[in-house]
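The values are calculated or read from the model by the stated rules, or taken from the named source; none is laboratory data. Note that the coordinates shown come from a computational prediction; the quantities given were computed from them, not determined experimentally. Here Cβ is always computed from backbone atoms with ideal geometry, including for glycine, and neighbour counts include all displayed protein chains. The area values use the complete protein model at the heavy-atom level, side chains included, leaving out ligands, DNA and RNA. Shrake-Rupley method; radii C 1.70, N 1.55, O 1.52, S 1.80 Å.
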Amino acid sequence: MLFFNFLILGLVSSHADAVQNLHAEDIHYRTKRDLSRSRRSEIRNLSPDDRASCSPGQSVPPNRINTTERLSDLRTEMNRLGLQAYIIPSEDAHQSEYTSPYDKRRKFISGLSGSAGYAIVTKMQAALWTDARYFLQAEDEMDCNWILMKWGETGVPSATEWLVSVLENTPNAKVGAYPFFLGSKKWESYEEKLSEENITMTKTDEDLIDKIWTTGRPQEPNSPINALPYKFSGRNWQDKIADIYKAMEEKKVDSMIVSSLDETAWLLNLRAEDILYSPFFLSYIIVDRKKNQITLYIKDHIKKLTQAPTDPETTQKLHEHLNTGSTGSCSGQTGYCVVVLEYEPMALINKMRSVVTNSEKVWISPYCSYAIFSVVPKEKRIQENTPVSLQKAEKNEVERNGMIKSHIRDAVALISFIAKLEKEVKEGKKWTELSAAEDLAKFRGRQQYNRGLSFDTISSSGSNGAVIHYTPSNLTDKEITTTEMYLLDSGGQYLDGTTDVTRTFHFGTPTDFQKECYTRVLMGSVDLARVKILKSSIGPHGQELDILARRPLWDVGLHYKHGSGHGIGMYLGVHEYPPSIGMTGRSISSHDAPIKEGQFFSDEPGYYEDGSFGVRIESILMVKKVELKYKFSDSEFLEFETITLVPFEPNLIEYDMLSRDQIDWINSFHEKVQKTIGPILMNSDREAYDWLERRTKSITRQTSTSSGVNISASSFLLMISAVLVCISQVPVSEFV
């Protein structure tokens, strides 16, 4: 799969951690090129006027945000600090992909509500970089103060190319950023290239968006924290700490900083609601192996340690769960104990300095902020995937069973809803994207252990389906009809699992092109789901499997500009790393993790016809061992089990395009869906049961021959090859 290293850059995975690495390497690679004088002039001349929606006479989209005053206020703060440019990333202090409403600074300054991207503002210009999932959304939401930089598109400069060009004639130029919000790899990449042009990366003591966003801002997140019982976690946090100590000992590491919110939640078996749709809480953990001390930083720590749990499945108060005193002190406690202190960034940095001084080696994540990174001297620093992230991805037996069971309940909710929706749309009842999303949330809310949604439901009809990460609103809400495609990407949070499923429907008569697009997406999804892979210490990695999902589309010149799959947490983030299936455009590095048993990831190829429709099929796969016909040299193989149990859309399948192996897989999958979900619906929702039964019928694709034998296209070609071999005596390999 070495040809992946030469693929275009800019096709990003679905997780912010992977995105940070890609952006950093993209910056490093692209700015190695010398910028000619003409190229710099070309970049300087980029303008919001280049956007189709900003040309004269164009109507203003209803969801566009006016940022003129906000940019003026920001530039006032920049002038105060002597900055010629300021960088506003999407992430919070923990480099989270999804942030609390309070932390959506890049959305505030630019208007773009999508999760990925970063903005840079100079004294005269403003530019925003985002990936293909948000190109159409950005055109609508951003006003004409902004240049839209489309990652991966021909001629689009990197951030440093743009900064070098627009600041070329500015002596001693300074580019500012708040170091808690910018990832370490991004910062280093900016610093390396900009310094060659005598441009200085400058740390600000506070974030400038915080200075100007003073009205209408949501409150800071500060939700109650609940312990996750053993029946859901499958391991006590004390056992997890022991495993972490062992991993640190093997690396000869004395201390570790845990800064990602899904890692802190998983390590201590805690959940909260600081981030919408994600059961996280703002926190840091310092693990000091030499002193056998675990320190947790959370907001309002005294109150949270002693307040009664708010989840009915939880019985312990936080201080009881963590084996600490009611004030967060471990004085007098025996066994593992967690010291709990107040969440305050500078308090963390001061504690880090003390721990680093007394440590030979310090482990930090590749995805930590520059503020954390810069405290640890290079000679003491180990910056690799933390053992927390790797162990979290490999679910234990309890977690695996919980994921399977939560996906069964989720399928019941989704199938019951879709059966109702299709029936009523065909009857002429009015349904819109918003009303559908709201009703589906009610179906999920009735399921056992449900704790809300796992992300904003992507309920998109017709042309809105072409917006990859579309979110319906009162301004864009379209009716769901029998004349257009309907793409529904949704998921739920359950105490025993996180779900994410996409299905695309047509409740009327689709065009031949729509059917072909859907079928090719389905073929890619099936081919990825049914592959067997050799387990080894060095792979395989997700980028080596990505071609399986894309090939049926590539065969006819179609493509999609997003990853083919992302990891998913167990009552954690809907996007989790590792694993990740996607085209990265770079060689596999030490920060990449191979696919391993117990991991879960999405399988989600798609196709999007701008202004017309979108297709995506997404199912969650579980990685497990498999015994095959032969045993090669003590090798082990892995396979994927599809745990999303929602049938496909027969109205959009062009059966003659499918191979016999693909048909067999689909029939087997639908049989599993019917046997698992059918009995539940039989007793709870007869209409949904009948809907399911119609969609899980066995399918065939017959090719008539003189002997009356049914064969697939691939088998037919092999037969022809064999006949030709017999005639010409040419080896079979020459034909296959």
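Can you pull out every residue in region 363-389 that is touching a helix residue (DSSP H, G or I) at 6+ places or on another chain (Cβ under 9 Å) and open to solvent by 40 Å² or more (accessible area, probe 1.4 Å)?
Passing the criteria: 374, 377, 380, 381.
In contact (Cβ under 8 Å) with a residue 24 or more places away in the chain, among the β-branched types (Val, Ile, Thr), out of contact with any His (no Cβ under 7 Å at 6 or more places or on another chain) and open to solvent by 20 Å² or more (accessible area, probe 1.4 Å): does that describe residue 581? I'd like the intermediate steps shown before the answer.
Values: in contact (Cβ under 8 Å) with a residue 24 or more places away in the chain: yes; among the β-branched types (Val, Ile, Thr): yes; out of contact with any His (no Cβ under 7 Å at 6 or more places or on another chain): yes; open to solvent by 20 Å² or more (accessible area, probe 1.4 Å): no.
Here the answer is no, as residue 581 does not meet what is asked.
List every residue pair whose Cβ atoms sit under 8 Å apart, with the two residues 6 or more apart in sequence or on different chains, where the first one lies in region 226-252 and is over 17 Å from residue 321 (Cβ atoms) and the second, anywhere, is crowded, with 16+ Cβ neighbours inside 10 Å and among the charged types (D, E, K, R).
Cβ pairs passing all conditions: 245/289; 248/254; 248/289; 249/289; 251/361; 252/361.
So, in region 151-179, exactly how many residues are more than 27 Å from residue 562 (Cα to Cα) and β-branched (Val, Ile, Thr)? Break it down stepwise before answering.
Of all residues in region 151-179, those more than 27 Å from residue 562 (Cα to Cα) come to 164-179.
Remaining after also requiring β-branched (Val, Ile, Thr): 164, 166, 170, 175.
Total meeting the criteria: 4.
Sort out which residues of region 331-351 are free of Cβ contacts under 8 Å to residues at least 60 places away in the same chain, in contact with a Ser or Thr (Cβ under 7 Å, 6 or more places away or on another chain) and in a strand (DSSP E or B), and write them in order of number. Steps first, please.
Kept after step one, since they are free of Cβ contacts under 8 Å to residues at least 60 places away in the same chain, are these residues of region 331-351: 331-334, 337, 339-342, 344, 346-347, 349-350.
Next cut, in contact with a Ser or Thr (Cβ under 7 Å, 6 or more places away or on another chain) only: 333, 337, 339-341.
Hits for region 331-351 are 339, 340, 341.
Assess whether residue 652 counts as being modelled with pLDDT of 95 or more and either touching a strand residue (DSSP E or B) at 6+ places or on another chain (Cβ under 7 Å) or of a type in the set (S, T, N, Q) (or both). Break it down into steps so the answer makes sense when it comes.
Numbers: modelled with pLDDT of 95 or more: yes; either touching a strand residue (DSSP E or B) at 6+ places or on another chain (Cβ under 7 Å) or of a type in the set (S, T, N, Q) (or both): yes.
So residue 652 passes the test.
Name the residue, out of 194, 208, that is in contact with a Phe, Trp or Tyr (Cβ under 8 Å, 6 or more places away or on another chain), at pLDDT 95 or above and open to solvent by less than 10 Å² (accessible area, probe 1.4 Å). Give the steps one after another, and end with the answer.
Numbers: 194 fails: in contact with a Phe, Trp or Tyr (Cβ under 8 Å, 6 or more places away or on another chain).
Just a single option satisfies the conditions, and that option is 208.
Looking at (1) crowded, with 24+ Cβ neighbours inside 10 Å; (2) within 30 Å of residue 588 (Cα to Cα), which is the only condition residue 529 fails?
(1)
In region 523-544, what count of residues is obtained for those that are modelled with pLDDT of 95 or more and either of a type in the set (Gly, Ala, Ser) or part of a loop (DSSP other than H, G, I, E, B) (or both)?
6
Could you please find all residues in region 178-191 being open to solvent by 30 Å² or more (accessible area, probe 1.4 Å) and in contact (Cβ under 8 Å) with a residue 12 or more places away in the chain? Before the answer, list the steps.
Restricting attention to region 178-191, the residues satisfying the condition of being open to solvent by 30 Å² or more (accessible area, probe 1.4 Å) are 178, 185, 188, 191.
Correct list: 178, 185, 188.
Kindly provide the set of residues from region 266-281 that are more than 11 Å from residue 224 (Cα to Cα) and not aromatic (Phe, Trp, Tyr), ordered by number. Lay out the reasoning, then the answer.
Residues of region 266-281 that are more than 11 Å from residue 224 (Cα to Cα), as a first pass: 266-269, 275-278.
If the condition is that a residue be more than 11 Å from residue 224 (Cα to Cα) and not aromatic (Phe, Trp, Tyr), then 267, 268, 269, 275, 276, 278 are the ones that fit.
Filter region 330-343 down to residues that are within 18 Å of residue 283 (Cβ to Cβ) and of a type outside the set (A, V, I, L, M, F, W, C) and give me whichever is surrounded by the fewest Cβ atoms within 10 Å (Cβ to Cβ).
Once the filter is applied, the top-ranked residue is 342.
Residue 39 fails exactly one of the following numbered conditions: (1) open to solvent by less than 20 Å² (accessible area, probe 1.4 Å); (2) modelled with pLDDT of 50 or more. What is the number of that condition?
Unmet for residue 39, out of (1) open to solvent by less than 20 Å² (accessible area, probe 1.4 Å); (2) modelled with pLDDT of 50 or more: (1).
Out of all the residues in region 475-492, which are of a type in the set (S, T, N, Q) and touching a Pro at 6+ places or on another chain (Cβ under 9 Å)? Walk me through it before giving the result.
Kept after step one, since they are of a type in the set (S, T, N, Q), are these residues of region 475-492: 476, 481-483, 490.
Scanning region 475-492 gives a single hit, 476.
Condition test on residue 542, is it touching a strand residue (DSSP E or B) at 6+ places or on another chain (Cβ under 7 Å) and small (Gly, Ala, Ser)? Before the answer, list the steps.
On the way: touching a strand residue (DSSP E or B) at 6+ places or on another chain (Cβ under 7 Å): yes; small (Gly, Ala, Ser): yes.
It is true that residue 542 is touching a strand residue (DSSP E or B) at 6+ places or on another chain (Cβ under 7 Å) and small (Gly, Ala, Ser).
Inside region 390-401, can you point out the residues that are under 21 Å from residue 245 (Cβ atoms) and open to solvent by 10 Å² or more (accessible area, probe 1.4 Å)?
Selection gives 390, 391, 394, 396.
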